[in-house]
C-alpha cells in the first residue's frame, strides 16, 4: 500500500534523526552545556521545561503508587524516571534506540529501574493488551502528519486520563522551526486548537481542559 510505504519511510527518517541527536537533546534537561547554551535553552526552549512541570502537576498526587503510566514517545526517559520516583509503574515507548538506552541508564541511576519498562516501537506497531491509568504523549505530535490513527491506538491503551502537548500553528517560532528541521531532514507539523480537539474527540477522548504554554497547546482529556 502506498500509504504504508510513505508512513514507514517518514517514521524511519524521524527515528534516525532522533537517534542521532539523542545525547544533544537530553543535555537540555541535564544542563550539560556551556553557560551560554544553557541560558539560550532557558530562553528559547522554556516550554520544554514548562510542559514537564505541567505533566508532573496533572499526573496527580505526589504518591502515585498503584498507578500504571505509559509515556508515548518517551525519548530519553525524563518523564518515565520522574513518575516512577513517585511510585508509579511506567512504560516508555519510543522508536529511537539511543533514546531508550539513555532512558534505561537514567532509571538505573535514579534507582527506579524495577518500576520502568522500555519498548522499542512506533505506537502504531506496538502489540500489547495492556491498559494504563494515565497515558502521556509530549513532544510527540510534532512529528506526526496524521494524528488520528495513533490517537486511536492510544485510546485503547488509556483507562482514564490522557495528557498531550501539541505544537501551535501560525507562530513565528513554528515557521523558523519548520525551515530548520526541514534542512536537517526531519519533517515537523503544527496544529490549531480546534484541530487538536477534533482529533481527540474523533479518537474517543473528551477534552477536560487545555492551556497554552509557550508554543504548545497542553490538553488534558479523558477516555469516553
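The values are calculated or read from the model by the stated rules, or taken from the named source; none is laboratory data. Computed from a predicted structure; not experimentally measured. Here the Cβ is made from the backbone with ideal geometry for all residues, glycine too, and neighbour counts use every protein chain on show.
Regarding residue 151, is this residue under 15 Å from residue 82 (Cβ atoms), at pLDDT 95 or above and within 15 Å of the chain's Cα centre (by Cα)? So residue 151 does not fit the description; no.
For the range 2-20, the set of residues classified as out of contact with any helix residue (DSSP H, G or I) (no Cβ under 9 Å at 6 or more places or on another chain) and either at pLDDT below 70 or closer than 13 Å to residue 139 by Cβ (or both) consists of 2, 3, 4, 5, 6, 8, 9, listed by residue number. Residues in the range 170-189 that are outside any helix (DSSP H, G or I) and exposed (fewer than 15 other Cβ atoms within 10 Å of the Cβ): 170, 171, 184, 185.
For first residues located in the range 133-150 and on the phi < 0 side of the Ramachandran plot and touching a residue at least 60 places away in the same chain (Cβ under 8 Å), partners that are assigned to a loop (DSSP other than H, G, I, E, B) and surrounded by fewer than 22 Cβ atoms within 10 Å (Cβ to Cβ) and lie 6+ apart or on another chain with Cβ distances below 6 Å form the pairs 133/67; 145/189. Are any of the residues in the range 83-106 free of Cβ contacts under 8 Å to residues at least 40 places away in the same chain, loosely packed, with under 15 Cβ neighbours inside 10 Å and under 18 Å from the mean Cα position of the chain (by Cα)? Scanning the range 83-106, I find no residue that is free of Cβ contacts under 8 Å to residues at least 40 places away in the same chain, loosely packed, with under 15 Cβ neighbours inside 10 Å and under 18 Å from the mean Cα position of the chain (by Cα), so the answer is no.
What's the number of the only condition in (1) out of contact with any helix residue (DSSP H, G or I) (no Cβ under 9 Å at 6 or more places or on another chain); (2) assigned to a loop (DSSP other than H, G, I, E, B) that residue 76 fails to meet? Result: residue 76 fails condition (1) only. Only residues that are more than 19 Å from residue 72 (Cβ to Cβ) and not in a helix (DSSP H, G or I) were counted across the range 195-205, and they come to 0. Tell me, please, whether a residue that is assigned to a helix (DSSP H, G or I), more than 23 Å from residue 52 (Cα to Cα) and either at pLDDT 95 or above or out of contact with any helix residue (DSSP H, G or I) (no Cβ under 8 Å at 6 or more places or on another chain) (or both) can be found in the range 208-224. No. Is it true that some residue in the range 148-169 is part of a helix (DSSP H, G or I) and more than 26 Å from residue 60 (Cα to Cα)? Checking the range 148-169: at least one residue is part of a helix (DSSP H, G or I) and more than 26 Å from residue 60 (Cα to Cα). Answer yes or no as to whether residue 135 is part of a helix (DSSP H, G or I) and at pLDDT 95 or above. Judged against the criteria, residue 135 is not a match. When each of 36, 48, 28 is tested for being modelled with pLDDT of 60 or more, loosely packed, with under 14 Cβ neighbours inside 10 Å and part of a helix (DSSP H, G or I), the lone residue that passes is 36.
Scan the range 119-129 and give yes if some residue there is outside any helix (DSSP H, G or I), crowded, with 22+ Cβ neighbours inside 10 Å and in contact with a strand residue (DSSP E or B) (Cβ under 9 Å, 6 or more places away or on another chain), otherwise no. No, every residue in the range 119-129 fails to be outside any helix (DSSP H, G or I), crowded, with 22+ Cβ neighbours inside 10 Å and in contact with a strand residue (DSSP E or B) (Cβ under 9 Å, 6 or more places away or on another chain).
Number of residues in the range 54-73 that are out of contact with any strand residue (DSSP E or B) (no Cβ under 7 Å at 6 or more places or on another chain) and either buried (at least 24 other Cβ atoms within 10 Å of the Cβ) or outside any helix (DSSP H, G or I) (or both): the value is 7. The listed residues are 192, 160, and the only one of them that is exposed (fewer than 14 other Cβ atoms within 10 Å of the Cβ), farther than 15 Å from residue 73 by Cα, touching a strand residue (DSSP E or B) at 6+ places or on another chain (Cβ under 6 Å) and touching a residue at least 24 places away in the same chain (Cβ under 8 Å) turns out to be 160. Apart from one condition, residue 142 fits all of (1) modelled with pLDDT of 95 or more; (2) part of a loop (DSSP other than H, G, I, E, B); the exception is (2).
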